[in-house]
Amino acid sequence: MARAMSTLGEVGEFGLIAAIALATRAGSGVEIGIGDDAALIVLPSGKALITTDMAIEGVHFRTDWSSAYEIGRKCAAANLADIAAMGGQTRALVVAFAAPASLSTEWALQLTQGINDECEGEGASVVGGDTVRGDAITISITAIGEVNDSVEKPITRGGAQVGDIVYLLGQTGASAAGLEILTRGMSSAPGLVALHKVPKPPYELAREFATFGATSMCDVSDGLAVDLAHIADASGVTIDIKLDAFDISDLQAAAEELEMDPIEWVLSGGEDHAFVGTLPAEQSPPPAARAIGVVCVRGDSAVTSAGVALRSHGHDHFSA
């Protein structure tokens, strides 16, 4: 029924919920999913990791740049990455969705499909949520997960120790480069634009890194320098990074065309949902991890390069 109706106003709230329920797979561990007052999921560990993230039209995404499916993938990734950053596996998502009544039902169902597809690789599923009328499209997702048996306890930001090596898992800067290209209305570097629209977080690599004895880890969502500072501040240390340790080969051509410094994208660009973490110096990392620095005794600055303070530039919703 929902696909035959052109707008949310025509299909109605309960028609939309019914359509979303039909389009959503109930994953393992879900005993009660969409359709009741609350969901019931089974967590073998007995302990839950819980995170939430909100995305608002015009702030986090633009519908003239990204499809509903791409927006769904990206919104889900933000939550899945937070769970993975603690060495965890997401089991269930709860999605709250606000939109104008004039929005097409098909758009909402494509958003649902994007969320479902991003969750599928992690073995997670949407188990409930809420839908309301709103002036702008707003998507709020809460993820529920647990730490795998192979990790003794959740990996937090606060465990980095002096002498630990700092590793980057995945790539940073691609999303920022893609955003710059879209903002300027250019058609170059479609691969970078695609990574802005749909990031590719290395979820499994983050969990693998946790099993190697990670002392700290963080999802890179606000910018590498900012998120390194989060680890440094929580751990009471300074992190010194090597700017020549980063692979900027995928960014170089676009940076030259746009007359920008690719290292700026690497350090300040958010929404790649890579991971950064620390391991003891004597511990070998997973092969895909890239060493980018070392943990030092706390000094005047949270993050430095060759001892010189790095400005913690990155995204802050409430900055001027």
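For the range 175-264, what does the relative contact order come out to in percent, with C-alpha contacts under 8 Å and a separation of six or more?
Numbers: 48 pairs, mean separation 19.4, N = 90.
Here the relative contact order equals 22 percent.
Tell me, L22, L251, L310 in order of fewest to most beta-carbon neighbours within 10 Å? Please list the in-between numbers first.
Details: L22 12, L251 26, L310 19.
Ordered by Cβ neighbours within 10 Å, fewest first: L22, L310, L251.
When only C-alpha pairs under 8 Å and at least 6 residues apart count, what is the relative contact order of the range 52-134, in percent?
Working: 96 pairs, mean separation 33.0, N = 83.
So the answer I get is 40 percent.
Could you sort 61-72, 231-242 so that the peptide with the highest average Cβ count within 10 Å comes first and the rest follow in order? It would help to have the intermediate numbers written out before the result.
Details: 61-72: 17.8, 231-242: 21.5.
Peptide ranking by packing, descending: 231-242, 61-72.
Helix-only estimate, please: 222 nm mean residue ellipticity of the chain, summing -39500 (n - 2.57) across DSSP H runs of length 4 or more and dividing by its residues, to the nearest 500. Could you put the intermediate results ahead of the total?
Values: 9 runs with 105 residues, N = 320.
Theoretical 222 nm ellipticity from helices: -10000 deg cm²/dmol.
Calculate the dipole size of the chain relative to its Cα centre from +1 charges on Lys and Arg beta carbons and -1 charges on Asp and Glu beta carbons; express the result in debye to the nearest 20. If you can, show how the numbers build up before the last one.
Details: 18 positive and 42 negative charges, 64 e Å.
Roughly 300 debye, rounded to the nearest 20.
Cα atoms only: what Rg and Dmax, in Å, come out for the range 147-256?
16.0, 48
Where nothing but the Cβ of Lys and Arg (+1) and of Asp and Glu (-1) is charged, how large is the charge dipole of the range 140-293 around its Cα centre, in debye to the nearest 20? Could you put the intermediate results ahead of the total?
Details: 8 positive and 23 negative charges, 55 e Å.
In debye, rounded to 20, the range 140-293 gives about 260.
Between Q252 and D117, how high is the FRET efficiency from 1/(1 + (r/R0)^6) when r is the Cβ-Cβ distance and R₀ = 30 Å? Nearest 0.05.
Values: r = 31 Å, r/R0 = 1.04.
Using R0 = 30 Å, I get an efficiency of 0.45.
Could the peptides 37-44, 139-146 be put in order, highest first, of the mean number of other beta-carbon atoms found within 10 Å of their residues? Walk me through the numbers on the way to the answer.
Working: 37-44: 12.9, 139-146: 23.0.
Result, highest mean first: 139-146, 37-44.
Largest first, please: the extent of the C-alpha atoms of the range 2-147 along each principal axis, to the nearest Å.
Here the Cα extents, ordered largest to smallest, are 43, 30, 22 Å.
Mind checking Rg over Rh on the chain, alpha carbons, Kirkwood formula for Rh? The partial results should precede the final answer.
Values: Rg = 20.3 Å, Rh = 20.4 Å.
Ratio of gyration radius to Kirkwood radius: 0.99.
What distance in nm separates the simple spin-label points at M186 and S102, each placed 7 Å from Cα in the Cβ direction?
Roughly 3.4 nm, to one decimal.
Return one number: the angle in degrees, 0 to 90 and rounded to the nearest 10, between the long axis of the Cα atoms of helix 8-23 and the longest principal axis of the Cα atoms of the chain.
That works out to roughly 70 degrees.
How about the range 118-194: which trypsin sites (Lys or Arg not before Pro) there are in a DSSP loop, with at most 16 other Cβ atoms within 10 Å of their Cβ?
Numbers: sites: R133, R157, R184; in loops: R184.
Filter output for the range 118-194: R184.
In the neighborhood of S140, defined by Cβ-to-Cβ distances under 13 Å, what is the net charge if each Lys or Arg adds +1 and each Asp or Glu adds -1? Intermediate values should be presented prior to the final figure.
On the way: positive: none; negative: D53, E57, D130.
In short, -3.
Which aspartates and glutamates, if any, have their Cα less than 15 Å from the Cα of K200, not counting same-chain residues under 8 positions apart?
List returned: E70, D82, D117, E118, E120, E122, D219, D250, E271, D272.
At a threshold of 8 angstrom on Cα-Cα distance, excluding pairs fewer than six apart, so keeping six or more, what relative contact order does the chain reach in percent? Mind dumping the intermediate values first?
Details: 746 pairs, mean separation 67.2, N = 320.
Relative contact order comes out at 21 percent.
Can you tell me the order of 92-104, 76-88 when each peptide is scored by its average per-residue count of other Cβ atoms within 10 angstrom, highest first? Write down the numbers at each step before the final one.
Working: 92-104: 19.7, 76-88: 27.8.
Order by mean packing, descending: 76-88, 92-104.
Bear in mind these aren't lab numbers, they're just calculated from the coordinates by the rules spelled out. A quick note: this is a predicted structure, and the numbers were derived from the prediction, not measured. Reconstructed Cβ throughout: ideal geometry from the backbone, glycine too, with neighbour counts over all protein chains shown.
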